[in-house]
Amino acid sequence: MGVEGIGARVPRKEDKRFITGKGRYTDDMSVAGMCKAAFVRSPHAHAKIAGIDTAAAEKMPGVIAVLTGGQLKEDGIGDIICGWMIHSKDGSPMNMGANPALAVDTARHVGQAVAVVIAETQAQAREAADAVNVNWQELPAVASADAALAAGAPQIHENAPNNLIYDWEIGDAAAADAAIAGAAHVTKLEISNNRLVPNAMEPRAALADYNAAEDHYTLWTTSQNPHVARLVLSAFYQVAPEHKLRVIAPDVGGGFGSKIYIYPEEIVCLWASKKAGVPVKWTADRTEAFLTDAHGRDHITTAEMAFDANNKMIGLKVDTIANFGAYMSLFSSAVPTYLYATLLSGQYVIPAIHCNVRAVYTNTTPVDAYRGAGRPEACYVMERLVETAARELGVSPAELRRANFVGEFPYQTPVIMAYDAGDFDASLNAAMAGADYAGFAGRKAEAEARGKLRGIGMACYIEACGIAPSQAVGSLGAGVGLWESAEVRVNPVGTIEVLTGSHSHGQGHETTFAQLVAERLGVGLDSVQIVHGDTDKVQFGMGTYGSRSGAVGMSAISKAIDKVEAKAKKIAAHLMEAAEGDIEIADGEVRVAGTDKKLGWHEVCLAAYTAHNLPEGMEPGLKEGAFYDPANFTFPAGCYICEVEVDPGTGHTDIVQFVAADDFGRIINPMIVEGQVHGGVVQGIGQALLEGCQYDPETGQLVTATYNDYPMPRADDVPSFDVSTTETLCPNNPLGIKGCGEAGAIGSPPAVINAITDAIGNNDLTMPATAEKVWRALSASAVAQAAE
Amino acid sequence: MIEVNITVNGEARTAEVPPETTLLTLLRDWGLTGTKLGCDEGDCGACTVLLDGMSVNGCLVLAGRANGCSVSTVEGLSVDGRLHPLQEAFEQHASLQCGFCGPGILMSAKELLDANPSASKSEIRIALSGNLCRCTGYVKIIDAVAEAGAKMAAHGGQSNG
C-alpha cells in the first residue's frame, strides 16, 4: 500500500468544503426567478376528497399557481411505481393500488399530498396552501398490520382484498414442520420490529427549472441515485423525456435509504415548473419529513427454532406480517422477501427453513428500505432466537452459536443465498476478546454491589450486500439491473477524473475511490477528481444503497482502470522500445522492469494526446469506461457484544460497553469504515432504546412526528465503541470488498436487547426498550420470581 | 418591514426584512448557506450560530432580535485561510460524513472550547447534545473536539495562531 492508496487512513477530500460551510446541498441552490412550493396535505389518515376549492388561495398575494391531482392526471403524469414484482405463493401478482403523486379521489395516510401552491415566497406559498379548501369525507382508518388483516378492517385499496398485497413464501414448509415436530427442543418467540423514521439530517428538497426555449428540464434533488430518478421520472411518470431532463444530486445530507425513492414532490416540482413557467423549489419541513419520507421496518413475526439433542439447529419456521403503509414504495416489495427471508439462515447451518410473509396495506406512511432493509429484521429474529435458546438450554450463547456456524465455504443455504467466504469463528473470537467475555461475571457482581443490574448480549450477523447480480435479481422480480458503471478519464497532463454512477451522501467516495486510483496508477490523491451525481456528466449509474458502492461501484472503476493501464503500458512500451509485459506503473512513473528506463506518468499521458508516436493503429486519447455486473452478492458478517447496566429503580439503561468485530473484506480507508460502523451502531442503538413510530390506532395520526416525540440518539445518549475488523476477501469481485454501510444497524439491535433481557431476567421486552418498558418488565419478572 | 443591522463574522450588514424573518433565513438569504435548516423547531441544532458569543438556534431567533449584535457562523471560523483547530481536527479525524450537521456542531464546539478548552469528553458530549447527527455516532466528532481543545489549551486558549 502507498501512503495514499488502499488501506491508508487519509483524511477525506470532501471535508474541506464541509468544515468551512461550503458544501452545496439542494436547498443551498438558487436560480433566477425561483418560486417556492408548498403542498396541501391530508390531515386525515383515510378520507374521500369530495372537492378541492382553490379560488381563495389563487387570489392570495404572491401566488403563481395552485395545482391539483386532477390537473396532474389530465396532463398524463403517471402513477408512482413499485419496481420489484413479487408473486404470492398461489402464483398471483402482488396487489398494487394506484399511487398518484397528488391524491385525486382518496387520501390514504396523514400527510399525503393533494395539491400544491407555487408562490413567490415560502411564507406566501404556505399561507395560500392553508387557504386551499378540501372537502374531506373521513373514512375509518387502520394503522397496524395485524389490525388491517382482521375481519371487518377498513379496506384501503379496492384491488387488495383484506388489505393483503401478497402472501409469499420461501423454503420448505414440510421439512421445517417435520424438524420442529421431531426436535429435542424448540424455542419460540413473538417478535416485533419497530417502525422507524430514517431522519437524514438534510430534509428532502427539490429545485426544478424548466427552460421553455430549449424545452429542457433541470432538477436538483436530494437523491441517492440521480440516474434512476431520471429514468423513472421519464419512462414511468412521463414528466420529461430522458434526454431533456438533467438530474443533479449535489451534496446530499444523508440518505439511509430514504432518498432512493422518487417522491411526489420531485414529480410535482418538475411538472409545476413547466406549468407555472417559473423555477420551483420545495424543501421539506421536519414534520413533512416524518410524515412523507419512506419509513423503515415494521414487522410482526412469530418464529420457531428447532434443535436436536446435541443442540444442533435442525429447523426454522418464520411467519411475518410486514406493514407497507398506504402505498407500495419503489423497492418496498423486495424488502421483507428477498432482502429479509433470504438471510434467515444467519451464520448457521440449518437444514430446513421456511418463511411466510404477508405484506399489508395500512393508513400509514409508506415503508421501504431503511439502512439494512430486511437484513436487520432477519438478524433480529435469528439472534433473539439463538440467545433465548441458549438460556433455555442452559448453554453459553457464544458456544451455541459456534457449534452451529457455517464453517465451510461456499455454503448454499436453503433460502437462495450462497455464502462465498467468511470466518465466523474469527469475528466471534475477536469480539469476545475485545469484550473480555470471560470476565463478565466479575463485572456483573461489581455492578450489583453498586445497585445496578448488568447484562451481556451478543449478535452474530450476516448480510447480503454488493447489490446485485442483474440476472439473478431479474429472475426474482426486479425491474432493473443492479450493475454499476464508471469512466476513467486521464487528462493530457496526467491528472485523472473518475466518473461514477455511485452517489456519495456521506460515504466518502471522493476519497475512497481516489485511493483506488492512486494505488493503481501511482498518482497522488490531489491528482484525482471523483465526479458523481449529475446525469449530464455521468452517463448512467444505479446509485448508492445496500452497501454496494465499494463492491460494485469500485469494481466498475477497477475494470476501467484495467483498460487505462493496459493502453498506457502499450504506449510506454512503444515509446521505450520495451516489451509490454515489462512495463510497471508506480509512484508517478512508468518504468521498464529491471532497467533504468522510465518515463513520467504525465509524459505517457501527453503522448496519448499528442499522438505523434503511438503504436500502429492505436486511437489517440486515454479514456476508458466499464460496466460491472457482480457475480454474486457479498456477505459481510461479524459479531457484536453489548454490555448494559440497568437502574432497577427507574428502568434506565446505560450501554457501558459495545464491541464490534466486522469482516468487511478488503478495506480501503479504515478511518471511513470505522465511521460507518459507529454511525450504523448508533442507529441500531436508537432503534433498540429510543426510536419508534407511534400511530393512534383509531385515527391513524402519527403521534411521533417531531424530534420532541421521536427521540433520536444524541451525543450524551451513546457510548464510545471498540471497533475492529477481521478479514476474509470476497472472491467474487476484483477488490475483495464486501461492504460496510449497514452492518452496524443490523447487528446492534439484537445485541442490545439480548443484553437488557439478560440484565433484567425477563425476555418479554419490545423495542424501543424505553426506561418505562424496562421497568415494567423488571417488575413483572420480580413478581414472577416472588410467586415461584 | 424592519431594518436590522448585524455584524456577521466581523462584517457589518444591513437588511430590511419582514418581522417574522428568522436569523437563519436572513443568514441564508445573505448567501451564508453554511448554516443549515434541519428542523426549524430548535431540536436539531443544524442552524447553530453564535450570537454575541453564545450558541443559539438560528431558526428560533428572529432577525430583529439580533439587531445590533455580533453573529459568528461557520464561514467565519477560519481566519485568513487558516483553519480553526476544530476544523483541522474534524478533517484529521474524518469526523463528518454527509456534512450537513457539521456547521452547527462546529459552532457549538467553538462556544464550549472558547470557555473551556480543557473540557472532558463527557462535558463535550453534553455540550453537543443539542446537535443531532444521524451519520457518525458522534465518536469521531467527540475525539476531534477533545483534540482541538487540547491544542487550544496549549496555545493559551487561542484558536488561530
Percent antiparallel among DSSP beta bridges (both partners in chain A, rounded to 5)
80 percent
Can you tell me, using C-alpha contacts under 8 Å and at least 6 residues apart, the relative contact order of chain B as a whole percent?
23 percent
Under 20 Å Cα to Cα from A:Lys563, which lysines show up? Leave out anything in the same chain fewer than 8 places away.
A:Lys623
Quick one: which of B:87-100, B:25-38 comes out on top by average Cβ neighbours within 10 Å, and what's the full order, highest first?
B:87-100, B:25-38
Long-range Cα-Cα pairs in segment A:483-628 (distance over 18 Å), rounded percent:
54 percent
Counting sequence-distant residues (5 or more places) and residues on other chains, those with an amide H built under 5 Å from that of A:Thr106 are A:Ile49
What's the magnitude of the charge dipole for segment A:483-628 around its Cα centre, counting Lys and Arg as +1 and Asp and Glu as -1 at the beta-carbon? Answer in Debye, nearest 20.
220 debye
Determine ³J(HN,Hα), in whole Hz, for all residues of segment A:133-143 in sequence, where each value follows from phi through the Karplus function 6.51 cos²θ - 1.76 cosθ + 1.60 and θ = phi - 60°; x replaces Gly and Pro.
9, 9, 8, 8, 10, 5, 10, x, 10, 9, 10
Least to most buried among A:Met305, B:Met152 (fewest other Cβ within 10 Å first)
B:Met152, A:Met305
Counting Lys and Arg as +1 and Asp and Glu as -1, what is the net charge of the other residues whose Cβ lies under 12 Å from the Cβ of A:Asn404?
0
Estimated vicinal HN-Hα couplings, Hz - segment A:641-653 in sequence order (Karplus 6.51, -1.76, 1.60; Gly, Pro = x):
10, 10, 10, 10, 10, 9, 7, x, x, 10, x, 5, 9
Tell me the net charge near A:Pro630. Cut-off is 12 Å between Cβ atoms, A:Pro630 excluded, with +1 for each Lys or Arg and -1 for each Asp or Glu.
0
If you average the alpha carbon positions of segment A:323-383 and of segment A:291-313, how far apart do those two centres end up, in angstrom?
9 Å
Would you list which lysines come within 28 Å of A:Lys16, measuring only between C-alpha atoms, while excluding same-chain residues fewer than 8 positions from it?
A:Lys259, A:Lys281, A:Lys537, B:Lys36, B:Lys110, B:Lys121, B:Lys140, B:Lys151
Answer rounded, prolate or oblate for segment A:266-415, using the Cα gyration tensor with square roots of eigenvalues a ≥ b ≥ c: rounded when a/c is under 1.5, else prolate when a/b is larger than b/c, else oblate.
prolate
If neighbour count is taken as other Cβ atoms inside 10 Å, put B:Glu3, A:Glu383 in order from fewest to most.
B:Glu3, A:Glu383
Ranking of A:Ile760, B:Ile126 by count of other Cβ atoms within 10 Å, fewest first:
B:Ile126, A:Ile760
Mean separation of Cα pairs under 8 Å and 6+ residues apart, divided by the residue count of chain A: what relative contact order is that in percent?
15 percent
Inside 10 Å of the C-beta atoms of A:532-544, what's the mean count of C-beta atoms belonging to other chains?
0
Theoretical ellipticity at 222 nm over the protein assembly as shown - DSSP helices of four or more residues, -39500 (n - 2.57) apiece, nearest 500:
-8500 deg cm²/dmol
How would you classify segment B:85-154 from its alpha-carbon gyration tensor, with a ≥ b ≥ c the square roots of the eigenvalues: rounded for a/c under 1.5, else prolate if a/b is greater than b/c, otherwise oblate?
prolate
I'd like the mean, over residues of B:87-94, of how many other protein chain beta carbons sit within 10 Å of each residue's own Cβ.
6
Shielding of A:732-742 by partner chains, average beta-carbon count, 10 Å:
0
Separation of alpha-carbon centers, segment B:12-86 and segment A:680-703, rounded to whole Å:
32 Å
Within 10 Å, count the other beta carbons around each residue, average over each peptide in A:182-195, A:443-456, A:714-727, and list them highest first.
A:714-727, A:182-195, A:443-456
Note on the protein assembly as shown: alpha-carbon gyration tensor, axes a ≥ b ≥ c; rule is a/c under 1.5 for rounded, else prolate if a/b larger than b/c, else oblate; result rounded
Quick one: Karplus J couplings for segment B:125-139, per residue in order, coefficients 6.51, -1.76, 1.60, θ = phi - 60°, nearest Hz, x for Gly and Pro?
4, 5, 5, 9, 6, x, 10, 7, 10, 9, 8, 9, x, 6, 4
If you find the alpha carbon centre of segment A:31-69 and of segment A:394-447, how far apart are they in angstrom?
56 Å
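Here, each number is a calculation from the coordinates, and none is a lab measurement. All of these numbers come straight from a predicted model, not from anything done at the bench. Neighbour counts are summed over all protein chains in view; Cβ atoms, including those assigned to glycine, are modelled from backbone coordinates with ideal geometry.
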